[in-house]
């Protein structure tokens, strides 16, 4: 049994941060088995000993035990072994995993030493692609200075100086929507957008690519969103600069209206959205995962020679059925089941269209002439943790690695 870390000429992934998305990213790649080794930087000790870290990384209250996650209830084990306790080297599901606990600033994580070329930063802390590698508080560029060739942030970019254009070597990508526009020669700092943007982008993509529904006048979206660790279990005092006081309220006692940046990020993924007046908001609800997009679209449309609407419920649902069987197969799923949120937990699709509940209505506005206008209310489920977001980000990570120069 090899207890040394020898990853020469191997594919090695780096994961920075082991919160919700960091741990589930590890699980995703243990399942995908594209990388030969994985280095996880926690930046601190997880518990008192390595066994505590292993316990955390192999259990989850939302998705169950790692054994069950990988193999269902077949009785099979993912076979976790500690190979070298001093160096924190272990084996999970046949893949060598190394845990780092010393550095919190990306520039101080010696990715080159461990053979890491692609890093997924799951801390949610380093989101400005313009900050230099030696920024005192750390930056995404620090990963590149530490030896990585590419870094993918698991959240939308947040630029401190929006008066300047985004750096040319950065870009926001949703796998299955715009990932093929990624330029490995030029772009080294990537964002995988957000969970809501991922579901929304896959939901609106086939609508915009269909001639009859492409003329969108206005759009709005509400995401009924599961709780996250940015909220409090019990009421807490707001931070000094807090604007959203509702985020400090007890997460499992209320429905909590709040904001979302999904519409703004969507413009980065599908630039055509910029011409549409797109509004977005969120309601946090007391569940642990799986969220629901309520998408309202108004189209400039037409009618048949008999004066009947061209776009109706069946027409819109057929757009999604074709997408589910075609270009977005596996990433967009069309369903007419009577789903509830728990049914979609862990499902590896960016969005599940709730075909039974979609509504479409055509009316007429009188301006200088009578103009037909169609309004559609569309519903799409997405697992905001593993199934939709982490799965799509995992596919993007593999795509980036496959295209390393």
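Values in this text are rule-based calculations from the coordinates and carry no lab data. For clarity, every value in this text was computed on a predicted model and none was experimentally measured. Note: ideal-geometry Cβ built from the backbone for every residue, glycine included; neighbour counts use all protein chains shown.
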Listed peptides 340-347, 131-138, 68-75, 142-149 by packing density, highest first (mean Cβ within 10 Å): 142-149, 340-347, 131-138, 68-75
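What percent antiparallel are the DSSP beta bridges of the chain, to the nearest 5?
Working: 39 of 77 bridges.
Looking only at bridges with both residues in the chain, the antiparallel portion is about 50 percent.
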Quickly rank 240-246, 97-103, 18-24 as a protection proxy: mean count of other C-beta atoms within 10 Å, highest first. 18-24, 97-103, 240-246
Which percent of Cα-Cα pairs in the stretch 183-280 sits in each 10 Å bin, short to long? 13, 35, 29, 18, 5, 0
Round to the nearest 10 and give me the degree value, 0 to 90, for the angle of helix 313-325's Cα axis relative to the longest principal axis of the chain. 30 degrees
Where the centroid of each part is defined by its Cα atoms, how far is the stretch 134-207 from the stretch 1-60 in Å? 22 Å
Mind checking the angle between helix 391-402 and the chain's longest principal axis? C-alpha axes, 0 to 90 degrees, to the nearest 10. 60 degrees
Label model pair residue 274, residue 246: point-to-point distance (7 angstrom along the Cα→beta-carbon line) in nm is 3.1 nm
According to the square roots a ≥ b ≥ c of the eigenvalues of the Cα gyration tensor, what is the shape class of the stretch 12-167, taking rounded for a/c under 1.5, prolate for a/b larger than b/c otherwise, and oblate for the remainder? prolate
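Is the stretch 123-260 best put as rounded, prolate or oblate by its Cα gyration tensor, with a ≥ b ≥ c the root eigenvalues, rounded for a/c under 1.5, and otherwise prolate when a/b is larger than b/c, oblate when not? Don't skip to the answer; put the middle values down first.
On the way: a/c = 2.20, a/b = 1.08, b/c = 2.04.
Cα axes put the stretch 123-260 in the oblate bin.
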Any idea what angle helix 20-32 forms with the longest principal axis of the chain, computed on alpha-carbon atoms, 0 to 90 degrees, nearest 10? 80 degrees
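Which shape class, rounded, prolate or oblate, goes with the stretch 196-384 when its Cα gyration tensor gives a ≥ b ≥ c as root eigenvalues, a/c under 1.5 marks rounded, and past that a/b bigger than b/c marks prolate? Could the numbers behind the result be given before it?
On the way: a/c = 2.28, a/b = 1.63, b/c = 1.40.
Prolate, since a/c reaches 1.5 and a/b exceeds b/c.
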